[in-house]
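What follows is a short report on a single structure.
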């Protein structure tokens, strides 16, 4: 899995991007086209399957773009979910008790007012 973070800037009619820690660069006329080129460049640098990206404007002329290669699907995610589910089993059993307690507190607070909003 590879994570590629880019700082993007607009200078007039062109958007440029430089990788934060690395040598990948791209430029384009629009932010959308820039994103497409950066995804292509990151995909060429990392051969893992699955691409996820995030684009966030910081100001009207600057943005941060992140490409994550190999983050979608795969055996590791499935194994991690199974292990996490087994570890959280005890916590899941305690959760209904906490919810019941909150419901009781809520009912008491309505009784304290002497009326109910739904009567």
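Here, each number is a calculation from the coordinates, and none is a lab measurement. All figures in this text were calculated on a predicted structure; none of them were measured in a lab. So basically every Cβ, Gly included, is an ideal-geometry build from the backbone, and we count neighbours across all protein chains shown.
Overview of results
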quantity: Residue list for segment 19-32, restricted to those being surrounded by 15 or more Cβ atoms within 10 Å (Cβ to Cβ) and closer than 16 Å to residue 53 by Cα; calculated: 19, 24, 26, 31
quantity: Filtered residues of segment 38-50 (kept if assigned to a helix (DSSP H, G or I) and surrounded by fewer than 16 Cβ atoms within 10 Å (Cβ to Cβ)); calculated: 40, 44, 45
